[in-house]
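Visitor: Mind looking over this structure? Questions follow.
Read-outs throughout are calculated quantities, based only on the coordinates presented, and are distinct from any laboratory measurement. Being a predicted model, the structure only gives us computed values, none of them experimental. Neighbour counts are summed over all protein chains in view; Cβ atoms, including those assigned to glycine, are modelled from backbone coordinates with ideal geometry.
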Amino acid sequence: MQIINTVEEMQKFSDLAREEKKTIGLVPTMGYLHEGHLSLIKRAGKECDIVIVSIYVNPTQFGPNEDLSKYPHDFQRDKTICIENNVNAIFCPTDDSMYQQGYQTFVNVENLTKSLCGKSRPTHFKGVTTIVSKLFNCTKPHKAYFGQKDYQQTRVIKQMTRDLNYNVDIIVCPIIREKDGLAMSSRNRYLNEEERKSALVLSRSLDLAKKLIDKGETNPEKIQREMVKLIESENSTRIDYIELVDVDNLTPKDRIEGKILIALAVFVGKTRLIDNLLV
Ligand code: AMP
């Protein structure tokens with residue numbers, strides 16, 4: 001497995017793979033790998049000849065008071081996981097090589113980024129689309145793998161890929177959860193024992209919503225209210241948003257019909273967690 005730190009080296013690696021008619025799968029991550037990331041890596045391994053995992057904590061997708069400086073990392077562990085799972089290259093560029101002095105170009109998807117997480121993180125998706133676009137240019141993938149855990153991100157990236165004519169298939173993989181239902185996330189590491197228990201209320205509230213819908217409830221506000229009640233009954237939770245939205249344009253539904261996305265972001269202590277369910 002190669003560890004690549006520069007854009008030039010990365011592009012050379014991918015040019016060579018493409019000359020050899022190999023298909024390239026990219027798995028973009030911020031490192032501190034867990035089973036969620038691993039499911040993307042395994043899927044890429046099944047579908048592509050070459051798997052590139054990028055590990056880069058992208059500063060432009062963090063707001064001023066967010067957790068950029070304390071984001072968890074353990075490169076040696078990530079490296080071992082990648083070797084064990086037949087990854088061909090880790091791309092871990094430095095900040096200087098990604099955003100060289102005088103950098104001033106950003107990619108922004110306009111509408112899909114205004115709702116859900118975009119409300120409380122107004123600059124987040126601009127950072128995400130910029131870095132993903134740069135990663136596409138560096139690694140030249142045929143396919144790129146993302147998790148449904150970040151559903152809005154997958155919609156935004158699909159839109160960007162279409163709008164900017166990237167010839168990359170965007171593959172969305174299911175949410176991987178702990179046995180007790182908590183969606184896996186590098187940020188779960190921030191939770192203390194009590195918060196870890198409280199955090200279960202996110203997936204439990206989604207289960208509750210599904211039950212209500214299965215029973216025939218069609219009023220999104222009623223479902224939202226029940227979810228709020230459940231989440232607020234738990235210690236140290238603060239709701240950022242709970243929304244029942246259209247799966248394509250991410251705008252709120254007046255009535256539950258067809259396919260919908262139930263998405264939420266909740267602070268547990270100081271940690272902001274997200275989760276969602278497609279029903
Ligand atoms: P991150 O390192 O948190 O930026 O995540 C990198 C990729 O892994 C993103 O596409 C995430 O959606 C995906 N991912 C993170 N957690 C999970 C999970 N629990 N299940 C599936 N995919 C995940």
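Visitor: For segment 1-67 and segment 177-192, what is the separation of their Cα centres, given in Å?
Guide: So the two Cα centres are separated by 23 Å.
Visitor: A further question on this structure: Once the Cα atoms of helix 75-84 and of the chain are each reduced to a long axis, what angle between those two axes, in degrees from 0 to 90 to the nearest 10, is obtained?
Guide: Here the helix axis deviates by roughly 80 degrees.
Visitor: For the residues VAL51, VAL7, VAL245, what sequence is obtained by ranking on other C-beta atoms within 10 Å, fewest first?
Guide: Numbers: VAL51 29, VAL7 17, VAL245 20.
The fewest-first ordering by Cβ neighbours comes to VAL7, VAL245, VAL51.
Visitor: For the chain, compute the orientation-averaged projected area of the C-alpha convex hull (one quarter of its surface), in nm². Before the final figure, lay out each step's value.
Guide: Values: hull surface 59.6 nm².
With every direction weighted equally, the projected area is 14.9 nm².
Visitor: Moving on to the next point. Could you give the alpha-carbon Rg of segment 176-225 over 2.2 N^0.38 Å, rounded to two decimals? Please list the in-between numbers first.
Guide: On the way: Rg = 13.3 Å, N = 50, 2.2 N^0.38 = 9.7 Å.
Taking the Cα Rg and dividing by 2.2 N^0.38 Å, one obtains 1.37.
Visitor: Might you report the magnitude of the Cβ-based charge dipole of segment 170-253 about its Cα centre, with Lys and Arg at +1 and Asp and Glu at -1, to the nearest 20 debye?
Guide: Numbers: 15 positive and 16 negative charges, 35 e Å.
Computed about the Cα centre, the dipole is about 160 debye.
Visitor: Another question, if that's okay. Please report, in debye to the nearest 20, how large the charge dipole of the chain is about its Cα centre when each Lys and Arg carries +1 at its beta carbon and each Asp and Glu carries -1 there. Each step should come with its number before you reach the end.
Guide: On the way: 40 positive and 38 negative charges, 68 e Å.
Taking the Cα centre of the chain as origin, the dipole is about 320 debye.
Visitor: Something else: Just how large is the dipole of segment 136-189 about the Cα centre, in debye to the nearest 20, putting +1 at every Lys and Arg Cβ and -1 at every Asp and Glu Cβ? Provide the component values of the computation, followed by the final result.
Guide: Values: 10 positive and 5 negative charges, 15 e Å.
Dipole magnitude for segment 136-189 comes out near 80 debye.
Visitor: Here's a follow-up. What is the extension gain from ILE3 to GLN76, computed as 0.36 nm multiplied by their sequence separation minus the C-alpha to C-alpha distance, in nm to one decimal?
Guide: Working: separation 73, 0.36 × 73 = 26.28 nm, distance 1.16 nm.
Contour length minus Cα-Cα distance gives 25.1 nm.
Visitor: Further question: Exposed loop trypsin sites (Lys or Arg not before Pro) only (DSSP loop, at most 13 other Cβ atoms within 10 Å): please give the longest stretch of the chain free of them, not including the sites.
Guide: Working: sites that count: LYS21, LYS114, LYS179, LYS215, ARG255, LYS259, LYS270.
Result for the longest clean stretch: 22-113.
Visitor: Just tell me the longest site-free run in the chain, where the sites are GluC sites (Glu not before Pro) in a DSSP loop having at most 11 other beta-carbon atoms within 10 Å.
Guide: On the way: sites that count: GLU20, GLU110, GLU257.
The segment 111-256 is the longest one with no such site.
Visitor: How much length is gained on full extension from ASP248 to PHE267, taking 0.36 nm per residue of separation minus their Cα-Cα distance?
Guide: Details: separation 19, 0.36 × 19 = 6.84 nm, distance 2.58 nm.
Length gained, ASP248 through PHE267: 4.3 nm.
Visitor: With unit charges on the beta carbon (Lys/Arg positive, Asp/Glu negative), name the residue among GLY36, SER236, ALA263 whose Cα is farthest towards the positive pole of the charge dipole of the chain.
Guide: Comparing the listed Cα positions along the dipole, ALA263 ranks first.
Visitor: Would you please name the chymotrypsin sites (Phe, Trp or Tyr not before Pro) within segment 102-183 that are DSSP coil residues with at most 13 other C-beta atoms within 10 Å of their C-beta? All intermediate terms of the calculation are to be shown ahead of the outcome.
Guide: Details: sites: TYR103, PHE106, PHE125, PHE136, TYR145, PHE146, TYR151, TYR166; in loops: TYR103, PHE106, TYR166.
Within segment 102-183, the qualifying chymotrypsin sites (Phe, Trp or Tyr not before Pro) (loop, at most 13 other Cβ atoms within 10 Å) are TYR103, PHE106.
Visitor: Could I ask something else about it? Given a Förster distance of 30 angstrom, what is the FRET efficiency for ASN111 paired with GLU217, based on the Cβ-Cβ distance and rounded to 0.05?
Guide: Working: r = 29 Å, r/R0 = 0.95.
My answer for the efficiency is 0.55.
Visitor: Which angle from 0 to 90°, rounded to the nearest 10, does the C-alpha axis of helix 151-163 make with the longest principal axis of the chain?
Guide: 50
Visitor: Something else about it: Just to confirm the number: angle between the C-alpha axis of helix 124-139 and the first principal axis of the chain, 0 to 90 degrees, nearest 10?
Guide: 30
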